[in-house]
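Chemist: I have a structure I would like to understand better, so I am pasting it below and will then ask my questions one at a time.
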Amino acid sequence: MRTEIHAMAKAAGAFWAQLRGNGEDETKNGIGLALGGGFARGVAHIGVLRVLEREHIRVRFVAGVSAGAIVAAGLAGGASADELERVARSMKFKDLAGWRVSLLGLVGSERMEGFLRRAFPAHRFEDMKIPLAVVATDLQTGSPVVFHGKGEVFRPVRASCSYPGLFRPVEYEGRWLVDGGISMEIPAGALRGLGVKRVVSVALPSSPVTGEPGSMFGVVNRCFQIMQQRTEQFWRFQSDVVIAPRVQDVAWDDFTQAGRMIEAGEKAAEAALPRIRALMGHAAVGVDAKQGWSGMDGGRVMTGKIA
């Protein structure tokens, strides 16, 4: 226990050292941004980033789960909304995964790491221009695993995107990791646990359920929806502002709707601007004022150790 506490303290120290590197007070400058999952619907995050960029609202910290982890890694590495859009418009399912049926899943996601290495310039947490946290889920314990501060980025991102039943779990230091959305649908709690005081969350609603599921994926997706409906109150409690682009009618794997999803993200962010400006104009809400489930209780904070 003492060793694990020491490791967590060391990881948090590295994270805060990165924050202090630019010499600015986060309570007076910018926001923490928590990006949720949604696979192809994650492209809508880019529209939100474009509005924040245009309005000169600085993102000082960013955390992501699943598709949100991909966008978060690009943003943290210094990519602009336009650069992220070019990546999104070129992205296809085959760039991220290949069919490889096994007892643990139908698809392997090894291709994702190569694609992201080519698409984004920064590959390690310590090289990020914005402090980044990526959340995956420990398949054995069910706890969130928050990667940040140090280490290679894209295997944690791949783990965070490993949707159960479709993608095979990702092995990391003897543990099996899966989609971060299972333990933390929106990583607002990860940011709170790392001390961030102003949290803006972006949630991507899934398609409404109609009739009986027509496939195994339909069953798994419905299970996710039920689980997320029951846990939504937790991440909302940890969020100061919630942005929810209207992308419910876009299929989980439809990468052809990039322009439409980005536009939906822009509209949702524009509607939220008054609340964001009000949040930035008032004293930041500290972690002590947001007590409750933080998303890290019982979980584990890790620095990556993959060379």
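The values are calculated or read from the model by the stated rules, or taken from the named source; none is laboratory data. Fair warning: this is a prediction, and the values are worked out from it, not measured in the lab. For neighbour counting, all protein chains shown are included, and Cβ atoms are generated from backbone atoms with ideal geometry for every residue, glycine included. Heavy atoms of the whole protein, side chains included, go into the accessibility calculation; ligands, DNA and RNA do not. Shrake-Rupley method; radii C 1.70, N 1.55, O 1.52, S 1.80 Å.
Chemist: Identify, by number, the condition in (1) touching a residue at least 24 places away in the same chain (Cβ under 8 Å); (2) on the phi < 0 side of the Ramachandran plot that residue 149 doesn't meet.
Modeler: Failing condition for residue 149: (2).
Chemist: Within region 58-80, is there a residue that is at pLDDT 95 or above, in a helix (DSSP H, G or I) and surrounded by fewer than 23 Cβ atoms within 10 Å (Cβ to Cβ)?
Modeler: no
Chemist: Continuing with this model, one more query. Search region 163-191 for residues that are farther than 14 Å from residue 35 by Cα and pair each with any residue that is open to solvent by 40 Å² or more (accessible area, probe 1.4 Å) and among the basic types (Lys, Arg) when their beta-carbon atoms are under 8 Å apart and the residues are at least 6 apart or on different chains.
Modeler: Close Cβ pairs (under 8 Å, with a partner that is open to solvent by 40 Å² or more (accessible area, probe 1.4 Å) and among the basic types (Lys, Arg)) amount to 168/100; 170/155; 172/155; 173/305.
Chemist: Among (1) open to solvent by 60 Å² or more (accessible area, probe 1.4 Å); (2) among the aliphatic types (A, V, I, L, M); (3) within 21 Å of residue 42 (Cβ to Cβ); (4) at pLDDT 65 or above, which single condition is residue 264 missing?
Modeler: For residue 264, the failing item is (1).
Chemist: Can you list the helices (runs of 4 or more DSSP H) found entirely within region 104-207 that contain at least 2 residues being open to solvent by less than 10 Å² (accessible area, probe 1.4 Å) and out of contact with any Lys or Arg (no Cβ under 8 Å at 6 or more places or on another chain)?
Modeler: Result: 154-160, 188-193.
Chemist: For region 82-103, which residues satisfy the criterion of being in contact with a strand residue (DSSP E or B) (Cβ under 7 Å, 6 or more places away or on another chain) and buried (at least 17 other Cβ atoms within 10 Å of the Cβ)?
Modeler: Selection gives 97 alone.
Chemist: Could you pull out the residue among 100, 60, 89 that is closer than 15 Å to residue 261 by Cβ and not acidic (Asp, Glu)?
Modeler: Just a single option satisfies the conditions, and that option is 89.
Chemist: Could you list all residues from region 219-252 that are more than 25 Å from residue 31 (Cα to Cα), β-branched (Val, Ile, Thr) and touching a residue at least 60 places away in the same chain (Cβ under 8 Å)?
Modeler: The one that is more than 25 Å from residue 31 (Cα to Cα), β-branched (Val, Ile, Thr) and touching a residue at least 60 places away in the same chain (Cβ under 8 Å): 250.
Chemist: Can you work out which of the residues in region 126-142 that are of a type in the set (Gly, Ala, Ser) and modelled with pLDDT of 95 or more is nearest to residue 34 (Cα to Cα)?
Modeler: Out of the qualifying residues, it is 133.
Chemist: Something else about it: Would a scan of region 37-45 turn up a residue that is at pLDDT 85 or above and not in a helix (DSSP H, G or I)?
Modeler: Yes; the residues of region 37-45 include at least one that is at pLDDT 85 or above and not in a helix (DSSP H, G or I).
Chemist: Need the failing condition index for residue 267 against (1) within 20 Å of the chain's Cα centre (by Cα); (2) within 21 Å of residue 57 (Cα to Cα); (3) assigned to a helix (DSSP H, G or I), just the number.
Modeler: (1)
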